[in-house]
1. Looking only at segment 394-411, which residues are part of a strand (DSSP E or B) and closer than 18 Å to V69 by Cα?
2. List pairs: first residue in segment 757-784 and assigned by TED's automatic domain parsing to the domain that holds V801, second residue assigned to a helix (DSSP H, G or I) and surrounded by 14 or more Cβ atoms within 10 Å (Cβ to Cβ) anywhere in the structure, Cβ distance under 6 angstrom, at least six positions apart or on different chains.
3. Tally time: how many residues in segment 388-414 are of a type in the set (V, I, T) and either closer than 19 Å to D100 by Cα or in the same structural domain as G696 (by TED's automatic domain parsing) (or both)?
4. From L598, L655, L639, L635, which residue is touching a Leu at 6+ places or on another chain (Cβ under 7 Å), of a type in the set (A, V, I, L, M) and either outside the structural domain of L698 (by TED's automatic domain parsing) or surrounded by fewer than 23 Cβ atoms within 10 Å (Cβ to Cβ) (or both)?
5. May I ask you to say which residue of N997, N982 is in contact with a helix residue (DSSP H, G or I) (Cβ under 7 Å, 6 or more places away or on another chain) and of a type in the set (S, T, N, Q)?
6. Among the listed residues L583, L591, identify the single one that is part of a loop (DSSP other than H, G, I, E, B), over 31 Å from the mean Cα position of the chain (by Cα) and buried (at least 23 other Cβ atoms within 10 Å of the Cβ).
7. Count, please, the residues in segment 987-998 that happen to be crowded, with 18+ Cβ neighbours inside 10 Å and not hydroxyl-bearing (S, T, Y).
Amino acid sequence: MQFSSIFSDHWSRLVPRIRPLMLGATLLLTAAHLMAQATATPATSTSTNTTSGPANSGIKDYAYTPLLVNDGAPADIWTLDQGPNGVLWLGTGMGLFRFDGLRFERYALREGQRLPSTNINALKVMPDGSIWLGFHGGGAARLKDGRIKAFGPAEGLPTGRVLHFTQTADGVLWAAAGSGLARFVNERWQMIGADWGLDDGAVDYVHTDRRGVLWVCSSRRLLFLMPGEHRLRDTGIPVSRSAVVAEDLEGRIWLSESLRGTRPLPDLTAKTASLAAAIALGAAPAIAPAPSSASAPTPTAARDAASASAPASGATTAPAPATPTPPFEPAYATAKQLLFARDGSVWLTVAGAGVWRLPSAADIPTGHILTPQDGLERFEREQGLTSPVVVPVVEDREGTVWVGSNNGLSSFQRTRLHELLTLAGTSLGGFALVAQGDGVLAANLRAAVEADPPAAPREQGGAVPSRNAVRTADGALWWIGSDRLYRRDDSDTREFLLPESARRTQVLAALPDGGHGLWLSVEDDGLYLATPDGVRRDPRLRELHAPQTMTRGPDGALWMANEDEVLRWSDDQLTRWTSRDGLAIGRATALSVTDRRLVAAGENGVAFFDGQRFTTVTQNTDAVFGHVTGIVESLNGDLWLNGGRGVVQVQADNLLALSARPGEPLNYRLFDRRDGLPGIALQAGMVPTALRDRRGRLWFVTNRGVAWLDPSTVPRNNQPPRTEIYGLRSGEQHFLADEGLSLPPGTTHLTLSYTAVTLAAADRARFRYRMEGVDRGWHDAGGVREATYANLAPGRYRFQVMAANGDGVWDTQGAALDFEIAPTWMQSRLFAFSAVFVVLVVAWMAYRMRTRAIARQVQWRMEERHRERERIARELHDTLLQGVQGLVLQFNSVARRVEQPDVHDKLERALSNAERLILAARDRVSDLRTHSGPLSEDLATAAAAQADQRMQVDLHVEGTEPLLRPAVRDELLMIGREAIANALRHAQARHLSVWLNYDERRLTLRIVDDGQGVSPEFASPDGRPGHHGIKGMFERARRLHGSLRIRSREEGGTEVEVRVLASHAYAPLHSDRRQRLVRALRFWLLRPLRPLRRLLRSYRNPR
């Protein structure tokens, strides 16, 4: 209370002193504002309707390209916005669509997701890629990654249709709706009402300027919100419904509405702040309308006065007055939307009329209302506009202006070539183009003009009735008629009769000879020389066939070209290049020789000479290099081709790269109708269709006119396109290009779809791609936007693609997609390991079966041999031995009867020998028979018999001695006997040790003596030359599938070791566990196959 009384007392003393000063300052500011509006508003603006004004000639230097509903574009496009990735988003009456410059695609929603409505009025793409939609029937929705979150009155959004979105610098999203204004904070909408200074009901438009000021067009007035404030300020300007605002490049706010039209506004934020401060101090001025300097005020003056006298906003500001009721004509140029392009122009979509453009917004003074006298360019029905119902207009990041209508989408792209409009409209008979002064002389059947831009074309005396015109070095103009040749100079025009062959056939090419004459190439006849004295055959070139095109080199040499052939004639010397030198141009159409390069063109392509060979780029490789009839170099060395697809520019650096890497695709940029080129290159002419004037400008003749450009000022789109991979297709299945994509097992063929987001001439985009692990290098795909692969194995893959825009600027970063093809069970690692394991098991089993079969065969053979030996032993015993024994008995009987002592002694000695022979034979018969006893006993017996007490023999047995196979037992016994005999006879051993080791894996026999040892060269399978003992031991060991080693010991003596696998050595037992296990496994493994075997047996033996 004390502070309040002190402040009131102080204020009561201060106000009487400063009130006169505040009132005077306020009146001066208000008067100045009204005078500025009165002087800036022309009286004619209110008396002009939307159809009046100067004759409409369209929008200059812009090419119009419509994309209609029949071309795949959606209808009823009410809002447009470009996303951070360059995609153009279209809000239509049929839903949300995306446009990449070539294709329209409906926004893909996740399964189970659906828009609340498909009739979209408002669209805003946020920096994070999410999209806000406002619907005609009310409500809004936010889209992110195919998912939708809807908002309505329950979430704080005003009712009625949502018309526009904007975002302020603090990140808050604002929405203009049919019943008010709202902002989105903390995932909820908040209504803006009287506490914010707004109680007007409907809000039609919102806009945020570069300063962060929020502009609001309500149903009655224009308001704004300063950054950081929470109360709207009234500008005091009444507006009509559907008013819109926008900001130009100078920061001025423009307002367009039907009360007064379209005009730039003064800085209302500073002006309104001053008035509000004055009102806060109690000095509210009484503002009167400005008096008219002439007669009664016009409706426009009345609206100006009403606008000027409206009070500024504040805490107690009353609503703006209602719209004036006196009838008046509608304002001129009322826009549905405004666009300020980067070139300083302003674009307006005018309902019911079309698209209008003001070339320079900066030329319009603040407060001036647009009138027909301001030079607006209009594009309407008469100029080809497909529909006058146009609303949204945006400029993409490449400078193309896009307009939406109820019949599709249209683009306005700035042209880079300039057409000679004087000659446009008459193409019959073609166009003539020759150099003249600093410019050119261009003509058709109706007129001839001298063009030297930027000066206006000047008409020349008389038309040039032929497109085949040539100017010689003396300045004379020559042209060819049906049967005559004409020459015009400063004095007169002369005509010459063409040779009979030329009248009968045709002249293929015409070329100045560097002097007063002209070379003519006559089909099937040869070269003629035309001079002021007449036309005659050139005697120097009689032997040459008529070339299809000609040119002169810098050194004056004559260059000629035919089908896949280039010739140079100079000083009576002729040089020829053919298809063997790389030429594949087909029928020759153009030839260019400069200090930098030689280029030949034909119907099939263009060939570049590197000093040794030609490198031809055919039209099959790229269609832009076909049917080139004009070749010219710019001053900086770039090459320009006038061909069947348009004008092609190839930079000098790219030509050098082509020479270094002939297989690489040639980088270029194409100019066609969208760049202002009328038609395509004129075909089947006698003279080139491209030339360079003295100022360095390039001129091109087409089948529809003549156009030119200045290479030094041609704008270039240096914005690389954004490359996107958006899907894969395998058979009938489609997959989105999501991270971590995994394709189904068994996938072998797939097609990848990609695109380049470049809205300017998207059909000119070119692509390169590769698949890591499949492709060795990059594939040049041209304009194809799909890549197909076949016979892909399971595994991980990485697909890469990069794109170039129409000006040849590449997106070097490109796009990549990592995906995986899942293996089928038969392609999995588990199956591979299992298969390998099974194969190894089968191989091992086959090996085991084979070895067992071989072992059985060997065993059968051994047993057969033993049976045979037993038979032989039996036969020897029963026949030979018995017979010899009988003979011995007979000789004994005879010997007893012999009485002579000497004879008797001889007989006794013979009988003793015979008995010893019988004993030896008995031993051999015994050896032939199978021994059934243990091997150790037989070895001991053999060692004792052979040692005969001359050598000590020790026998050691380790393990339980099992029953051996007979063949193995006999072979080991024979090896042991041979080793014992060698130790006794050759080594002269005194001590012999025999070891028998029986274990589960093998049988080992070791015989060690203390003799002289054996030489290593004799311890081999070949043995000692002339002896067969050791050789036989190795042979017996091989028959047993065993190993034999003979070596000399370091401490002296010899060691013989034989090893035989237990499976080969031991006789099988019926109780063998392993055999039982094998039989059990075989039973359980084959049991499931028994029904299949029965089924197969039933099919083979049907009843």
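1. Step one: filter segment 394-411 for residues part of a strand (DSSP E or B), giving 394-395, 401-405, 408-411.
Those that are part of a strand (DSSP E or B) and closer than 18 Å to V69 by Cα: W402, V403, G404, S405, G408, L409, S410, S411.
2. A761/R674
3. Total satisfying the criteria: 5.
4. Details: L598 fails: touching a Leu at 6+ places or on another chain (Cβ under 7 Å); L639 fails: either outside the structural domain of L698 (by TED's automatic domain parsing) or surrounded by fewer than 23 Cβ atoms within 10 Å (Cβ to Cβ) (or both); L635 fails: touching a Leu at 6+ places or on another chain (Cβ under 7 Å).
Of L598, L655, L639, L635, the one residue that is touching a Leu at 6+ places or on another chain (Cβ under 7 Å), of a type in the set (A, V, I, L, M) and either outside the structural domain of L698 (by TED's automatic domain parsing) or surrounded by fewer than 23 Cβ atoms within 10 Å (Cβ to Cβ) (or both) is L655.
5. Values: N997 fails: in contact with a helix residue (DSSP H, G or I) (Cβ under 7 Å, 6 or more places away or on another chain).
Matching residue, one of N997, N982: N982.
6. Numbers: L591 fails: part of a loop (DSSP other than H, G, I, E, B).
Checking each option against the conditions leaves just L583.
7. The total comes to 5.
Every residue, every condition in (1) in contact with a Leu (Cβ under 8 Å, 6 or more places away or on another chain); (2) outside any strand (DSSP E or B); (3) surrounded by 21 or more Cβ atoms within 10 Å (Cβ to Cβ), yes or no:
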{"site": "D128", "(1), (2), (3)": "no, yes, no"}
{"site": "W132", "(1), (2), (3)": "yes, no, yes"}
{"site": "G137", "(1), (2), (3)": "no, yes, no"}
{"site": "A150", "(1), (2), (3)": "no, no, no"}
{"site": "A154", "(1), (2), (3)": "no, yes, no"}
{"site": "L157", "(1), (2), (3)": "no, yes, yes"}
{"site": "G160", "(1), (2), (3)": "no, yes, no"}
{"site": "T166", "(1), (2), (3)": "yes, no, no"}
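The values are calculated or read from the model by the stated rules, or taken from the named source; none is laboratory data. Being a predicted model, the structure only gives us computed values, none of them experimental. Backbone-built Cβ (ideal geometry, glycine too); neighbour counts: all protein chains shown.
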